[in-house]
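Everything on this sheet refers to the single structure shown next.
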Amino acid sequence: MGAPVKNPSSDGEWTVVLPSKRRQGRRKPKPKVHEEEEKPWKSDDLEVDIQRQARLKKKMESSIKKLESSKFYTALIEQLKSPELNLIKVSDQFRLVLGTETQLQMVVYGIGSIEAYESPRFQLSIAVLMKREFHWVGNIEVFDPILSATESSVLESMGCTVLSVNEQARREALKPTLFFMPHCEANLYNNLLQANWRVDRLCRIALFGNSFQMYEEQVTVDPEVIRATKRIIAARRITREFAIETVADDYFPAFHDSSWHFFSSGLDSELPLLVSEGS
């Protein structure tokens with residue numbers, strides 16, 4: 001049976017589908033194309049429920065503890081520090097993104113309901129543990145249109161900032177930023193790339209999310225899929241991608257087919273040539 005679906009908000013904005021837990025074959029991305037304007041956001045659930053809040057805090061603490069002691073997390077941290085098998089290290093790529101800065105901010109999009117499902121709790125736990133592990137990880141900002149007031153209060157108690165505007169992943173990287181977007185829809189990655197389609201911004205981005213290589217391998221003749229993945233496919237030519245290993249079945253639904261992505265420098269004049277006009 002597949003993992004649960006993150007439901008869209010009442011105005012029909014993001015829909016994020018978690019992949020099936022089965023290992024047979026790769027999940028085919030099914031991008032949903034939206035062109036929404038940025039606008040202030042308020043959850044339909046406006047009241048903080050104290051009892052639910054207490055239960056959710058315990059769930060998050062349990063998820064963080066379980067993840068921190070897992071082989072999956074150990075492998076992930078080793079990859080971020082000094083992977084012996086890679087000539088080009090993930091840690092070196094983060095240093096390039098940081099440049100002369102001492103910290104990069106983390107922006108978490110599309111995390112889903114941390115109250116309802118375990119996978120989003122594991123995903124958020126990675127963000128929290130990275131901030132604890134690495135001095136170069138700065139503030140964590142979070143947005144998902146389905147987050148309740150109770151969930152937002154728990155996120156804030158953990159040191160996160162819950163955004164009040166749905167940016168549709170169009171944040172411009174004016175400073176070094178890690179965009180943490182596990183299992184988001186393709187159009188959100190596309191929006192992020194489009195908003196930063198210039199060398200001085202792409203070089204400030206580290207992205208955790210669905211494998212761009214997977215999208216390239218599974219692109220179809222469907223016009224909607226082509227539109228939603230256009231910049232993802234174009235960006236493959238300037239992307240260094242490092243796949244992560246899920247190691248254990250417990251973490252497969254939350255992290256399978258996920259990679260770290262970094263964008264190599266090039267000439268600004270070459271970037272427009274990678275996509276057609278008006279895209």
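The values are calculated or read from the model by the stated rules, or taken from the named source; none is laboratory data. No experiment lies behind these values; they were computed from the predicted model shown. Note: ideal-geometry Cβ built from the backbone for every residue, glycine included; neighbour counts use all protein chains shown. Heavy atoms of the whole protein, side chains included, go into the accessibility calculation; ligands, DNA and RNA do not. Shrake-Rupley method; radii C 1.70, N 1.55, O 1.52, S 1.80 Å.
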Point to revise | Only one of Glu172, Glu224 that is under 16 Å from Phe262 (Cα atoms) and either charged (D, E, K, R) or open to solvent by less than 20 Å² (accessible area, probe 1.4 Å) (or both) | key: Glu172
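Based on this model, can you work out whether Ala173 counts as part of a loop (DSSP other than H, G, I, E, B), within 15 Å of the chain's Cα centre (by Cα) and free of Cβ contacts under 8 Å to residues at least 60 places away in the same chain? Steps first, answer last, please.
On the way: part of a loop (DSSP other than H, G, I, E, B): yes; within 15 Å of the chain's Cα centre (by Cα): yes; free of Cβ contacts under 8 Å to residues at least 60 places away in the same chain: yes.
When the stated conditions are applied, Ala173 passes them.
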Study note, to complete from the structure: Checked pairs for the range 222-247, first closer than 18 Å to Asn191 by Cα, second among the small types (Gly, Ala, Ser), C-beta under 6 Å and 6 or more apart or across chains, list as Ala228/Ala186; Thr229/Ala186; Lys230/Ser279; Ile238/Ser264; Ile238/Gly266
Revision key, fill the gap. Ser164 passes all but one of the listed conditions (1) at pLDDT below 95; (2) surrounded by 19 or more Cβ atoms within 10 Å (Cβ to Cβ); (3) more than 16 Å from the chain's Cα centre (by Cα); the exception is number (2)
Point to revise | Considering residues of the range 158-168 that are in contact with an Asp or Glu (Cβ under 9 Å, 6 or more places away or on another chain) and in a loop (DSSP other than H, G, I, E, B) only, the residue farthest from Glu101 (Cα to Cα) | key: Gln168
Study note, to complete from the structure: Of the residues in the range 227-257, those that are open to solvent by less than 20 Å² (accessible area, probe 1.4 Å), in a helix (DSSP H, G or I) and at pLDDT below 90 come to Ala228
Review point. Would the range 193-206 turn up any residue that is within 18 Å of Ala254 (Cα to Cα) and either in contact with a helix residue (DSSP H, G or I) (Cβ under 9 Å, 6 or more places away or on another chain) or without any contact (Cβ under 8 Å) to a residue 12 or more places away in the chain (or both)?
Key: no
Review point. Looking at the range 176-214, which of its residues are in a helix (DSSP H, G or I) and open to solvent by 10 Å² or more (accessible area, probe 1.4 Å)?
Key: Asn187, Asn190, Gln194, Ala195, Val199, Asp200, Arg201, Gln213
